[in-house]
């Protein structure tokens, strides 16, 4: 899953990034409001963390941009103790937010819950034909037998399942898996490798050919 962290406190950014990457997330970083808006317009994120107290109130500009482009649903606001959420223009009490300082496990739990809610509603378990995906435990089973996947393979499967019956381009999948420039998008060898391994594991476990190659375009998940 791909996260955008919009925060100007570099020490906090480092802590958040290290923790979330260890949890299997791909993390992009923006230290200013302008940089954040550029990334938001260029990329798609599963969850966005935004500090409302960025310099020169740029945090508010970022939030306005997210709302304008209907991306505010995937946002977790970060507010300082001296900058309560009530001061955020148009703040909705249903919006998710954290007050600094906060423990990293709490942040990770909020991120996971936010992504799950946005993509799958209240469901914590997805079932497609004989395949079952536990979003909380991050496990996959076919005919009640666990399929052992790497973090990248699990992320890839969830991304495909979240876009069931839609054709996803190789570029879209590669960007989702790698973030900003971590892999050369014009070299899809890493994607082919992950996809090949995932397809083989699902079939070897007794599943159908859920992932179909759309030659010259990308892939489609059909459960």
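FYI, it's all coordinate maths here, none of it is from the lab. No experiment lies behind these values; they were computed from the predicted model shown. Cβ atoms come from the backbone with ideal geometry, glycine included; neighbour counts cover every protein chain shown.
What is the order of 42, 1, fewest Cβ neighbours within 10 Å to most? Walk me through the numbers before you get to the answer.
Working: 42 9, 1 24.
Result, fewest neighbours first: 42, 1.
What percent do you get for the relative contact order of region 125-221 when only Cα pairs under 8 Å and 6+ apart count?
Numbers: 112 pairs, mean separation 28.6, N = 97.
Relative CO of region 125-221 lands at 30 percent.
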Problem set entry | Histogram of C-alpha separations across region 3-66, 5 Å bin width, % | 4, 19, 33, 23, 15, 5, 0
For this session: Choose one answer from 60, 154, 128: the residue with the largest mean-square fluctuation in a GNM of the chain with alpha-carbon springs under 10 Å.
Result: 128
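How do 143, 43 line up, fewest other C-beta atoms within 10 Å first? Display every interim value, and only then the final one.
Numbers: 143 11, 43 14.
Least to most surrounded, the residues fall as 143, 43.
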Seminar exercise, completed: Once normalised by the length of the chain, the mean sequence separation of its alpha carbon contacts under 8 Å that are 6 or more apart gives a contact order in percent of 16
Exercise. For residue 148 and residue 43, what is the calculated FRET efficiency with R₀ set at 35 Å and r taken between the beta-carbons, to the nearest 0.05?
Worked result: 0.70
Problem set entry | Sorted by Cβ neighbour density within 10 Å, fewest at the top, the residues 74, 193 | 193, 74
Exercise. Thinking of region 125-221 as a set of Cα atoms, what percent of all their pairs are more than 24 Å apart?
Worked result: 17
Exercise. For percent of Cα pairs over 25 Å apart, which listed value, (1) 38; (2) 47; (3) 42, comes from the coordinates shown?
Worked result: (3)
